[in-house]
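Taking it in order: structure first as structure tokens, then the write-up.
Taken together, the values in this text are just the output of simple stated rules run on the coordinates, not laboratory data. The structure displayed is predicted, hence computed values, not measured ones. Neighbour counts run over all protein chains shown; Cβ positions are idealised from the backbone, glycine included.
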Amino acid sequence: MEERIAALLCKMTLEEKISLLAGVDNWHTRPVKRLGIPAIKVTDGPHGARTADESNPNETLPATCFPTGVALAATWNTDLIKKVGVALGKETRARGCSVLLGPCVNIHRSPLGGRNFESYSEDPCLSSRLAVAIVSGIQSRKVSVCVKHFALNNQEYQRMTISSDVSERAMREIYFPSFAKAVKEAGAWAVMCSYNRVNGVYASANRRLLTDLLKGEWGFEGLVMSDWFAVHSTVPAAKAGLDLEMPGPALYFNETLLEAVKQGQVPVDIIDDKVRRLLRLMFNTGAFEEDIKVAGAVKDFPAHRRLARAAAEEAIVLLKNERNVLPLDRKSVRTIAVIGPQAAVAGIQGGGSAEVRPYYKVSPLAALQKLCGDKVKIIYELGCPSNIYTLPLDPACLISAKGSKKPGLTAAYYGNSDFVGKPALTRVDTDFDFRWTPDAPPVECSGGTDFSVRWQGIFKAPETGLFRFGLAANGWGRLYIDDTLVCGNWGERRGGADFHVTESTGEYAMKSGRSYAIKIEFRKNDFEQFPRRSIRIGCDLPRPDDLLERAAKAAAGADVAIVFTGLTEEYESEGFDRKNMDLPPGQSALIRAVAKANPNTVVVLNNGAPVTMADWIDDVPAVVDALFPGQEGGNAVAAVLFGDVNPSGKLPDTYPRRLEDNPVFINYPGESGKVLYGEGIYVGYRYYDAKKVEPLFPFGHGLSYTGFKYGNLKVSPAKAKVGQKIAVSIDITNTGQTAGKEVVQLYVSDVVCRLARPPRELKAFKKIRLASGATQTVTFTLDDEVFSFYDPALKDWTVEPGDFEILVGSSSRDIRAKKTVSLDA
Ligand code: BGC
């Protein structure tokens, strides 16, 4: 390969080399046709191949939506995650792409981080093992990963500019390991640098990160790609080690770079190195041998549905189960009250660039109805709405033109910003959530980036009352009912934000069965040059005032009440952090009201990061955490509730009692453009343990419908020399009536050390399956790495001789066996 790369390099002009160093559009690199170097296409991940349609970049192709990063982490099952990786690789390839932009391996620092759902955990060991598994799975299909976001991108607040100010030791021990392992152990072919600054320097121009550490110390031979619009300079970024600017057309790696090279500001060697790295990725992914195109119809593989289901089942964490309220007994349960805002919707993922368009998705209500058939009566109540934005405009309420039966609105697309002349296209639209990519207007308005759209038709009111309409636009939008302006942002300097555009709302009184003329207009914004353009229209139907009473009544009349609560992409998303850790307004009160009406109340949570539970947790006997479980989430939850699946997920994060308890509380989100990582290495459970703060649910916690006994821990030799391998074994027995899976967790505690160390740190884990009554011996081999810490004075990892405790347990706070090993110099 290197020879072929060298041969190609020799033939390239400087102009051709530089043309390769930036995208040509949002998703493609530029080809060099003269030399047969193809363009390659990249696609977003991390939990599904979110690929733009080749013929219409504003459309996303459907793909399997696997459980999100945090849910995959809750499985603690590296074999399963590797299989998910293989499936992701296969789908990426089938969509004509060579690179999947993932996994996201940033550490969960604050519970409020908007993208926590995309990445794995607060713990570097768990994150690293999963990163290695998924990278090797994806790359086994000749698809490159792009491990992101390097580095210290742990919050969304001011994500494009904030400086993460962090100590060397915390970087080495907490934030780097998942990247280092993905690169060194799994051989990742690409890494994406982050938006933020690290100790003052933008990641995209951070020589220390990209050249000294990644390419130098870790020996990374792959490609460093920028995050989208994360580049801020030409010469500094080029010299720091950034290889590919994305997206294109380039803002920095263009003629300016060419000129800088000609002026001697950037040596040609540096350019050659970048080109080599891109070509290497192309060779690794077979770009020269194969014609990587969309493989016919993009398929919904049944095997991937099953895998998404299996992964969702293993991700579900049973947090609490008093009186063995769960699993539900098919023989005795006759009526179930299914309540809550997350029951009838499928809360499968958070928001932002990771959002996959699944082929289908299953809500818990639909799954329970299917599972129970007519044997169990299900009563559904919303309980409380939890949407921040108005709900999507229902096409069933819309008629596209007088006399027509077609649902939807008639759209007229103009090839200019002012609705002038004949529309370039008229058609009927039914879905009013449009996102046009930066440089692509609706394809129909070809001929420039200017366009405007007008939708018209009839709104037929399904009820009597006050309807709340909403409009959120990157651009200008307005909505009229019967010629009255109801809501909009026409002419306002609003709506420039990334994924989070403020919604303008307005109410209109309507009568059931009556028809009203509706008109919506959209055009580009004249003030801001932000490239994204979008419009979303919603409408909340009149809501009864007695939702809570109805929910309590339904619960009182049922054998069991299940309350489905949690967060949505309106709360957890790329582009912004959560404001607090609370459930959306009304949900806690709903849980309390239902629990009061029925002692057999089960709460099911839908979330990517911890939520406050202190105000209701003692009122309910059982809590199931479904996280953001992907398209099969509903089915998986139903199977766990009825015991068809024995839950085996374990929390990849500590769930604090109060937001104020979390380690970053006084430093988050930072000020004056900086966020100080003042907790140092005390991230997640390392802090709660050191400070003796009782969490609500500890890291690694998760119950089962069966029990496991831990016994016969052996550590050998008990006295060893630094560098010698230590063998650990422990017997695990399933003491209950059902088969189940257990995650055996091994923590190490350094008894005396000249530097401060956390009371215990996860160093290894294994997930096993045991039949009722069965015993298995689980073994681990420990090397130097598990005993070492990073000493900033030595600028190296070191093991200090002395005593170390080996702690084995079922969670970070449920240690079942321990032994000491003494290490000699
Ligand atoms: C995100 C990346 C993503 C990229 C392309 C950025 O906004 O931070 O994670 O891969 O967009 O969609």
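Length gained on full extension, Lys596 to Arg4: 205.9 nm, using 0.36 nm per residue less the C-alpha separation. Here each label is just a point 7 Å from Cα along the line to Cβ, and for Leu755 and Thr798 those points are 0.8 nm apart.
Each peptide in 425-433, 197-205, 239-247 receives the mean, over its residues, of other Cβ atoms within 10 Å, and ordering these scores from highest gives 239-247, 197-205, 425-433.
Rounded to the nearest 20, the Cβ-based charge dipole of the chain about its Cα centre (Lys and Arg +1, Asp and Glu -1) stands at 1560 debye. At an R0 of 25 angstrom, the distance between the Cβ atoms of Trp490 and Asn387 translates into a FRET efficiency of 0.55.
In this structure, Arg435 and Val24 have a Cβ-Cβ separation that, at R0 = 30 Å, corresponds to a calculated FRET efficiency of about 0.90.
Just to check, using Stokes-Einstein with a Kirkwood Rh over alpha carbon pairs, what's the diffusion coefficient of segment 502-598 at 4 °C and 1.567 mPa s in µm²/s?
72
On the basis of the beta-carbon distance and an R0 of 41 Å, Ser140 and Ala589 show a calculated FRET efficiency of 0.25. Of interest is the spacing of the C-alpha centroids, which for segment 122-170 and segment 341-395 amounts to 30 Å.
Among the listed pairs Lys763/Lys818; Lys41/Lys142; Lys405/Lys524; Lys725/Lys766, those whose Cα-Cα separation exceeds 24 Å are Lys405/Lys524.
Summarised as an ellipsoid, segment 677-778 has semi-axes of 29, 21, 9 Å, derived from the eigenvalues of the Cα gyration tensor scaled by 5 and square-rooted, with the largest first.
With the simple spin-label model, which puts each label point 7 Å out from Cα in the Cβ direction, the Asp269 to Glu221 separation comes to 1.9 nm. Each label point was placed 7 Å from the Cα along the Cα-to-Cβ direction; for Glu255 and Glu507 their separation is 5.8 nm. Taking segment 597-641 and a reference point 7 angstrom along Cα→Cβ of Arg330, the backbone N atoms nearer than 12 Å belong to 639. Counting every alpha-carbon pair across segment 59-156, the share separated by more than 18 Å comes to 43%.
Ellipticity at 222 nm from helices only: DSSP H runs of n ≥ 4 in the chain, each -39500 (n - 2.57), divided by the residue count, give -5500 deg cm²/dmol. Antiparallel beta bridges, as assigned by DSSP with both residues in the chain, represent about 70 percent of the total such bridges. In the chain, Cα pairs under 8 Å separated by at least six residues give a relative contact order of 14 percent.
What is segment 159-285 by shape, rounded, prolate or oblate, if you read a ≥ b ≥ c off the alpha carbon gyration tensor as root eigenvalues and call it rounded for a/c under 1.5, prolate for a/b larger than b/c, and oblate otherwise? In terms of gyration-tensor shape, oblate. Treating each Cα of the chain as an identical point scatterer and ignoring solvent, apply the Debye formula and state log10 I(q)/I(0) at q = 0.07, 0.10 Å⁻¹. Those come out to -0.55, -1.13, one per q. Once Rg and the Kirkwood radius are both taken over the C-alpha atoms of segment 98-241, their ratio Rg/Rh works out to 0.93.
Here segment 1-131 was treated as a single set of alpha-carbon atoms; its pair distances binned every 10 Å from 0 give 12, 32, 27, 22, 7, 0 percent. Put in line by how crowded their Cβ is, counting other Cβ atoms within 10 Å and starting with the fewest, Tyr790, Tyr157 read Tyr157, Tyr790. Ranked for footprinting exposure by Cβ neighbours inside 10 Å, fewest first, Trp490, Trp616 give Trp490, Trp616.
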